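Read through the structure below, which is laid out as structure tokens, and then see the notes.
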Amino acid sequence: MSSRPKVVPLRPRSRLEPDGRPAAAPETRRKDGLLVSIARALEAGRHAVTWENAAALWSAAYFSWHSEEVDEFGRDAKFTETIRPLLEFLYTVWWRVEPAGVENVPAEGPGLVVANHSGVLPWDGVMITLALRHEHPARRECRMLVLDMFALLPFLAPALARTGAVRACPENGERLLRAGELVGVFPEGVKGVGKRYRDRYKLARFGRGGFVRLALRTSAPIVPCAVVGAEEIHPVLAKADWVGRPFGLPYFPITPSFPHLGPLGVVPLPTKWSIDFADPIPTAEYGPAGAEDPILVNRLSEEVRSVIQRMIDGRLARRRSIWFG
């Protein structure tokens, strides 16, 4: 009686590393850094030219300055640290930001920083965040609520989200404040960033008081904030709105350098900035029910607007130069 032939299972075809060596199993394969991945690819030469290795190299490049995990709003701590030298250069060297009154911002718990908006691009929000991070005794992080026109742009939106900015809507603001975060808002909205140069530092209407209702619902104090210097970084001489509308933009600015200088026109001018924080306006005494009182909402909104306008006017009266303060 003949014995049955022994069945030998086929071995799966092994994958190769960029240097030609067999790859480790997926569960044991370690992630190499960017420099190691590049070195392996150069060492392997033509053997490394595969879609799998190209994807691995791209992944290593991406995660060399991005985190694998972000918070619920998309904030990426590693990305923020990567671009921080550029932002700090703008803060300390390019615009020489001079903050005042940062100690008025609550050291803990929720707080709503309400500021004037200007500068075409949202650099003012970034500089407010840096002022609080570097100058506040508690080194507070401020989550800025950004307009839809910025939060939906293809390249700008991801960068803003990764650095901690959040799309502006009442739900997002309330979630952040109830979590004890410091939140920044610009009630002027598009009217603020789209002002012509001749209307600089004249506050536009503060909407319908949505930021006041947000503060009342969460019992968060309101901290008025005045930014001087951002109006001149991109002086808007005219607007060609018919150009911006097809791209979903509410306006298309024309400045001395944009659009005729192309990408160079996006570089902001090196003006001297000041950022002032006023005494907080408490809201807890009114309770959440105060958010349904239109008279109270309007009164608090106008009070905040008046405080900010007075701080702006005071700074302008003391300022001797756009470039040197």
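The values are calculated or read from the model by the stated rules, or taken from the named source; none is laboratory data. Only a predicted model underlies this, so the values are computations on that prediction, with no experimental measurement involved. Counting neighbours? That spans all protein chains shown, and the Cβs are built from the backbone with ideal geometry, glycine included. For accessibility, only protein heavy atoms count, side chains too; no ligands or nucleic acids. Shrake-Rupley method; radii C 1.70, N 1.55, O 1.52, S 1.80 Å.
Accessible area per residue of the range 154-294 at 1.4 Å probe, in Å²?
46 Å²
Mind computing the radius of gyration and Dmax over the alpha-carbon atoms of the range 143-208? Å is fine for both.
13.1, 40
Work out the length of the dipole vector of the range 102-212 about its Cα centre, built from +1 on the beta-carbon of each Lys and Arg and -1 on the beta-carbon of each Asp and Glu, and round it to the nearest 20 debye. Write down the numbers at each step before the final one.
Numbers: 16 positive and 11 negative charges, 89 e Å.
The calculation lands at about 420 debye.
Need one number: convex hull volume per residue for the range 246-325, Cα atoms only, in Å³.
Roughly 179 Å³ of hull volume per residue.
Zone of Leu121 (label point 7 Å along Cα→Cβ, backbone N under 12 Å): which residues in the range 215-241?
Within reach of a label on Leu121, which here means backbone N under 12 Å from a point 7 Å along Cα→Cβ, the range 215-241 contributes 233-234.
What is the sum of charges around Thr283, taking Lys and Arg as +1, Asp and Glu as -1, for the other residues whose C-beta is under 13 Å from the C-beta of Thr283?
That works out to 0.
Which peptide among 92-104, 177-189, 224-236, 308-320 comes first, and what is the full order, when sorted by highest mean count of other Cβ atoms within 10 Å? Can you show the working numbers first?
Details: 92-104: 16.7, 177-189: 21.3, 224-236: 24.7, 308-320: 14.9.
By packing density, highest mean first, the sequence is 224-236, 177-189, 92-104, 308-320.
Based on Cβ point charges of +1 for Lys and Arg and -1 for Asp and Glu, what charge dipole magnitude is obtained for the range 138-183 about its Cα centre, in debye rounded to the nearest 20?
Here the size comes out at about 180 debye.
Report, in listed order, any pair from Lys78/Lys191; Lys239/Lys272; Lys78/Lys202; Lys78/Lys239 with a Cα-Cα distance greater than 30 Å.
Listed pairs above 30 Å: Lys78/Lys191; Lys78/Lys202; Lys78/Lys239.
I'd like to know which of Gly210, Gly192, Ala240 lies farthest towards the positive end of the charge dipole of the range 186-245, counting +1 on Cβ of Lys and Arg and -1 on Cβ of Asp and Glu.
Gly210
Could you work out the relative contact order of the range 132-269? I mean the mean sequence separation of Cα pairs under 8 Å and 6+ apart, divided by the number of residues, in percent.
18 percent
Taking the Cα centre of the range 195-306 as the origin, how large is its charge dipole in debye, to the nearest 20, when only Lys and Arg (+1) and Asp and Glu (-1) carry charge on their Cβ atoms?
In total the dipole reaches around 480 debye.
Over all distinct alpha-carbon pairs, what is the Kirkwood Rh of the range 173-325 in angstrom?
For the range 173-325, the Kirkwood estimate is 17.4 Å.
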